[in-house]
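Visitor: Take this structure, written in structure tokens, and hold onto it; I'll ask about it next.
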């Protein structure tokens with residue numbers, strides 16, 4: 001269970017604290033609400049960059065893009081170099097996920113400050129925020145916030161009169177889901193097709209234009225100012241020991257109150273569904289949920305009390321927190337139909353660079369649709385799992401590696417539904 005506040009009405013808000021409470025297009029409003037206090041502290045007290053890395057490491061902040069890798073460790077693993085880059089991944093393409101857009105549009109200066117502090121910590125002089133092309137308002141507000149910060153002396157040369165220089169450039173994505181992968185995103189910034197790179201080397205060693213590069217998610221960087229301002233111990237007072245802080249969750253599907261919330265890490269799924277989401281719509285029975293978007297996993301009603309953090313869902317339910325989206329399913333929801341839509345999405349979004357993903361995603365759709373109408377469904381469902389496992393082991397990037405999660409979890413919890421439903425081929 002999370003420590004600290006447990007009543008949803010009093011839940012902690014860190015990254016969404018100012019969203020909806022201030023004018024996001026006003027620098028004065030942001031400053032009045034605490035923006036750039038962390039940066040002022042670092043400059044005024046001449047805090048060394050390594051001390052900022054150490055504080056973030058002590059805070060236990062883990063990447064909010066889905067992987068959950070320790071942020072301070074990622075910064076520490078960046079190779080030395082005269083030129084380094086920081087990249088903010090705002091290419092939010094996961095279905096049912098819009099947490100980063102809330103920050104970009106509701107409190108852009110929080111992200112700008114987070115990028116400045118991260119740039120200071122790793123020794124970068126330039127940062128790029130890569131925003132998906134469909135997020136027109138996010139691009140506009142982020143661009144305006146950067147211009148305002150530069151005019152006020154928070155960006156550019158000699159920030160706040162110091163020797164520190166850092167600037168931010170907005171890059172507009174072209175709508176490719178695969179650019180959520182950090183190496184494909186880097187390729188896109190360089191003006192190339194958004195194809196994932198072979199790893200290693202990792203971006204921390206060879207990244208943007210061949211230089212060491214740190215890639216962090218929007219929500220991750222938005223936590224940094226509060227950590228620098230209020231300290232690692234304060235941040236650790238929320239969440240769990242292994243997953244400190246809060247998380248933005250997206251509640252979708254068959255609930256009374258769909259939307260976005262910020263809750264402590266470790267908040268039970270039941271609390272998210274029943275107290276934040278108002279329960280299953282119409283008082284119907286909770287059948288299960290798809291957690292973490294298309295690249296996530298299904299859970300059944302037996303897992304409704306699982307703690308939503310980076311480690312517990314995997315250990316107890318074979319699921320992942322992922323992007324934090326929770327698609328709630330009522331008793332009449334069709335898991336085979338939803339899985340078909342997920343696999344069709346992967347087929348559509350495959351970049352085609354590697355054969356396991358290019359051919360495999362198409363075959364997954366065909367096998368599933370055949371399984372739902374054949375007389376030997378069990379054998380076809382087993383083939384579906386075997387192919388997804390082979391894709392996990394041989395695909396170049398997370399897109400081809402991801403289908404195994406929704407497939408295995410759907411069949412683990414709802415296999416009988418796949419064996420009994422009657423759905424025409426291609427008409428799910």
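The values are calculated or read from the model by the stated rules, or taken from the named source; none is laboratory data. Everything quoted here is computed from the prediction, not taken from an experiment. All Cβ positions, even for glycine, are placed from backbone atoms using ideal geometry, and neighbour counts span all protein chains on display.
Visitor: Take residue 177 and tell me if it is under 18 Å from the mean Cα position of the chain (by Cα) and under 12 Å from residue 194 (Cβ atoms). Don't jump to the end; show me each part of the working.
Guide: Numbers: under 18 Å from the mean Cα position of the chain (by Cα): yes; under 12 Å from residue 194 (Cβ atoms): yes.
Against the criterion (under 18 Å from the mean Cα position of the chain (by Cα) and under 12 Å from residue 194 (Cβ atoms)), residue 177 qualifies.
Visitor: List, please: which pairs have Cβ atoms under 6 Å, are six or more places apart or on different chains, and start with a residue in region 146-162 that is at pLDDT 95 or above and end with one that is in a loop (DSSP other than H, G, I, E, B) and surrounded by 13 or more Cβ atoms within 10 Å (Cβ to Cβ)?
Guide: 149/155; 154/36; 157/165; 160/153
Visitor: Here is a follow-up. Does any residue in region 117-145 that is at positive phi come within less than 8 Å, Cβ to Cβ, of a residue that is part of a helix (DSSP H, G or I) and modelled with pLDDT of 95 or more six or more places away or on a different chain, and which pairs are these?
Guide: Short answer, once both residue conditions are applied: 123/49.
Visitor: Something else about it: Condition first: buried (at least 21 other Cβ atoms within 10 Å of the Cβ) and under 16 Å from residue 119 (Cβ atoms). Now tell me which residues in region 27-53 satisfy that.
Guide: Those that are buried (at least 21 other Cβ atoms within 10 Å of the Cβ) and under 16 Å from residue 119 (Cβ atoms): 36, 38, 39, 42, 52, 53.
Visitor: For region 322-345, does any single residue satisfy the condition of being modelled with pLDDT under 90 and more than 19 Å from residue 94 (Cα to Cα)? Break it down stepwise before answering.
Guide: Applying the first criterion (modelled with pLDDT under 90) to region 322-345 yields 322-323.
Narrowing the set further to residues that are more than 19 Å from residue 94 (Cα to Cα) leaves none.
Within region 322-345, not a single residue is modelled with pLDDT under 90 and more than 19 Å from residue 94 (Cα to Cα).
Visitor: Just the residues that are under 19 Å from residue 341 (Cα atoms) and out of contact with any helix residue (DSSP H, G or I) (no Cβ under 6 Å at 6 or more places or on another chain), please, taken from region 289-311.
Guide: Listed by number, the residues that qualify are 289, 290, 291, 292, 293, 295, 296.
Visitor: Against the definition (in contact with a helix residue (DSSP H, G or I) (Cβ under 7 Å, 6 or more places away or on another chain) and surrounded by fewer than 21 Cβ atoms within 10 Å (Cβ to Cβ)), how does residue 237 come out, yes or no? Full working, then the answer.
Guide: On the way: in contact with a helix residue (DSSP H, G or I) (Cβ under 7 Å, 6 or more places away or on another chain): no; surrounded by fewer than 21 Cβ atoms within 10 Å (Cβ to Cβ): yes.
No; evaluated as a whole, the condition is false for this residue.
Visitor: Okay, moving on. Condition test on residue 105, is it under 21 Å from residue 260 (Cα atoms) and modelled with pLDDT under 95? Lay out the reasoning, then the answer.
Guide: On the way: under 21 Å from residue 260 (Cα atoms): yes; modelled with pLDDT under 95: no.
It is false that residue 105 is under 21 Å from residue 260 (Cα atoms) and modelled with pLDDT under 95.
Visitor: Do we find that residue 129 is surrounded by fewer than 20 Cβ atoms within 10 Å (Cβ to Cβ) and either out of contact with any helix residue (DSSP H, G or I) (no Cβ under 7 Å at 6 or more places or on another chain) or assigned to a strand (DSSP E or B) (or both) in this structure? Can you show your working first?
Guide: Details: surrounded by fewer than 20 Cβ atoms within 10 Å (Cβ to Cβ): no; either out of contact with any helix residue (DSSP H, G or I) (no Cβ under 7 Å at 6 or more places or on another chain) or assigned to a strand (DSSP E or B) (or both): yes.
Criteria not met by residue 129.
Visitor: Would you tally the residues in region 380-403 being part of a helix (DSSP H, G or I) and either crowded, with 22+ Cβ neighbours inside 10 Å or in contact with a strand residue (DSSP E or B) (Cβ under 9 Å, 6 or more places away or on another chain) (or both)?
Guide: Result for region 380-403: 5.
Visitor: Condition check: at pLDDT below 95 and surrounded by fewer than 23 Cβ atoms within 10 Å (Cβ to Cβ). Does residue 280 satisfy that? Break it down stepwise before answering.
Guide: Working: at pLDDT below 95: no; surrounded by fewer than 23 Cβ atoms within 10 Å (Cβ to Cβ): yes.
Criteria not met by residue 280.
Visitor: Taking the stated definitions as given, is residue 382 free of Cβ contacts under 8 Å to residues at least 40 places away in the same chain and more than 30 Å from residue 192 (Cα to Cα)?
Guide: yes
Visitor: Sort through 164, 154 and tell me the only one that's surrounded by fewer than 21 Cβ atoms within 10 Å (Cβ to Cβ), over 17 Å from the mean Cα position of the chain (by Cα) and assigned by TED's automatic domain parsing to the domain that holds residue 19.
Guide: Working: 154 fails: surrounded by fewer than 21 Cβ atoms within 10 Å (Cβ to Cβ).
None of the others qualify; the one that does is 164.
Visitor: Same structure, new question: It is to be established whether one or more residues within region 330-353 are in the same structural domain as residue 297 (by TED's automatic domain parsing) and at positive phi.
Guide: Within region 330-353, not a single residue is in the same structural domain as residue 297 (by TED's automatic domain parsing) and at positive phi.
Visitor: Among the residues of region 107-116, is there at least one that is surrounded by fewer than 24 Cβ atoms within 10 Å (Cβ to Cβ) and either over 25 Å from residue 347 (Cα atoms) or not assigned by TED's automatic domain parsing to the domain that holds residue 349 (or both)? If you could, list the steps in order and put the result at the bottom.
Guide: First pass over region 107-116, keeping only residues surrounded by fewer than 24 Cβ atoms within 10 Å (Cβ to Cβ): none.
Within region 107-116 (the criterion being surrounded by fewer than 24 Cβ atoms within 10 Å (Cβ to Cβ) and either over 25 Å from residue 347 (Cα atoms) or not assigned by TED's automatic domain parsing to the domain that holds residue 349 (or both)), the answer is no, since none of the residues qualifies.
Visitor: Right, next: Could you check, for region 357-372, whether at least one of its residues is in a helix (DSSP H, G or I), in contact with a helix residue (DSSP H, G or I) (Cβ under 7 Å, 6 or more places away or on another chain) and touching a residue at least 60 places away in the same chain (Cβ under 8 Å)?
Guide: no
Residues are listed down the side, and each one gets a yes or a no for (1) more than 30 Å from residue 380 (Cα to Cα); (2) free of Cβ contacts under 8 Å to residues at least 60 places away in the same chain:
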| residue | (1), (2) |
| --- | --- |
| 257 | yes, yes |
| 268 | yes, no |
| 279 | yes, yes |
| 283 | yes, yes |
| 296 | no, no |
| 308 | yes, no |
| 339 | no, no |
| 343 | no, no |
| 348 | no, yes |
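Visitor: Next question, about the same structure. In region 39-72, how many residues are assigned to a helix (DSSP H, G or I) and touching a helix residue (DSSP H, G or I) at 6+ places or on another chain (Cβ under 6 Å)? If you could, list the steps in order and put the result at the bottom.
Guide: Going residue by residue through region 39-72, those that are assigned to a helix (DSSP H, G or I) are 39-44, 49-59, 71-72.
Then keep just the ones that are touching a helix residue (DSSP H, G or I) at 6+ places or on another chain (Cβ under 6 Å); that gives 39, 43, 49, 52-53, 55-59, 71-72.
The total comes to 12.
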